[in-house]
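Bear in mind that the values in this text are calculations on the coordinates, not laboratory data. This one's a predicted model, so the numbers in the text were calculated from it and none came from an experiment. Cβ placement follows ideal geometry from the backbone for every residue including glycine, while neighbour counts extend to all protein chains displayed.
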Amino acid sequence: MGKLTLYDISIPRETLIEERENVYLSRTPEQRFFGVLQLNHISVTMNGGKPLKSPQGKGIVIRKPSL
């Protein structure tokens, strides 16, 4: 699992963006790829086991499920 980082609201947004970009750029392409897979797994788990994207017959159509 990843880690949750709580930031102090007094820190300027630009500083936080720069810090997160440096962390992202320091990762290898393999680490970035597996990070995306991990996020996908978490999103499916949080959506009750259903993927957020599903085939609709004409390619992949991104839609929100009707409630």
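Modelled spin labels at residue 38 and residue 50, positioned 7 Å past Cα toward Cβ, are 2.8 nm from each other. Working note: Karplus 6.51/-1.76/1.60 with θ = phi - 60° gives region 16-23 the couplings 5, 5, 5, 4, 5, 5, 4, 5 Hz, where Gly and Pro are set to x.
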